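The values are calculated or read from the model by the stated rules, or taken from the named source; none is laboratory data. Keep in mind that what you see is a predicted model, and the values were worked out from it rather than measured. Here the Cβ is made from the backbone with ideal geometry for all residues, glycine too, and neighbour counts use every protein chain on show. Each accessible area value is taken on the protein alone, full model and side chains, heavy atoms only, with ligands, DNA and RNA left out. Shrake-Rupley method; radii C 1.70, N 1.55, O 1.52, S 1.80 Å.
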Amino acid sequence: MTSVLSVLVVAVIIGVLLWLVLVDRGRRGGRLSAEATRLQLQYRPYASLSERLRNAHFMLLDCGQFRHFRHLIEGQLADGRYLNLFDYSLITAHGVSTQTLLLLPCQLPDQTRFCISRQAWLDEDGFSETLQHPLQPLRKEQRPPRLHQWQLLSAKPAQLWSLLQPELCDWLLAHPHLHIEWSDGILLLCRPEHLLEPEQLEAAIDHARHLIRLLQRQAGLPAGHD
């Protein structure tokens, strides 16, 4: 009985995802493709996670377990950074969540994987295996007072603690809706359960660039370091 119920639940979830794809077909893709052309980037309606992204073990991607996604926009920006932006779905304790992920290179020497978000929204679903690469929460004394209730996780908490200077805290408090991860020289940002509209892409990229400059400055890197 339990196995039959599990199959039914999975079938319903797959059905919902297929329905979302069919409803979205052509409408969102066409608008994103036009915006990608305007930004001199490339658009693909379907794509799969690269080996580097899989090996980076971002919590969001590991929890999601899906290896394919929709609406990839990629290419080199004017500042030389290579952009990856796509819509990614995962199953949370509350159901299917779809959001636009933005990924940019961000060198932070001596840093290890970390994850920052205000809300604990990212949970393993009932059909997932336990995460093979979990992160540890910062202890109370490692948390800036203004972020004491935030979700601050790192493979080495003391390293993330060193980045959480007042200027970075100010930025995080001004963008409390974002989920932020860093791993293997890549910065990942998204707003849970939110799809970026084409006209929002350029502003989102600018916000990500600002955060990268801020993180690198907190890490002691000189201005202009990629």
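In square nanometres, what is one fourth of the surface area of the convex hull spanned by the alpha carbons of segment 104-224? Numbers along the way, then the final one.
Numbers: hull surface 33.3 nm².
With every direction weighted equally, the projected area is 8.3 nm².
How much accessible area does HIS194 have with a 1.4 Å probe, in Å² rounded to the nearest 10?
For HIS194, the solvent-accessible surface is approximately 50 Å².
Hand me the trypsin sites (Lys or Arg not before Pro) from segment 45-90 located in a DSSP loop with no more than 11 other Cβ atoms within 10 Å, in residue order please.
Listed in order of number, the matching sites are ARG67.
Ignoring ligands, DNA and RNA, how do ASP62, ASP170 rank by accessible area with a 1.4 Å probe, largest first?
Sorted by accessible area, descending: ASP170, ASP62.
So what is the accessible area of segment 83-213 per residue, in Å², with the probe set to 1.4 Å?
47 Å²
Would you please state which residues of segment 142-167 a label at LEU173 would reach in this model, taking the label point 7 Å out along Cα→Cβ and a backbone N cut-off of under 13 Å?
144-150, 165-167
What do you reckon, how do TRP121, TRP161, TRP182 stack up by accessible area (1.4 Å probe), largest on top?
Listed by decreasing accessible area, they come as TRP161, TRP121, TRP182.
Modelled label-to-label distance, GLN159 and ARG31, 7 Å Cα→beta-carbon offset: nm?
3.9 nm
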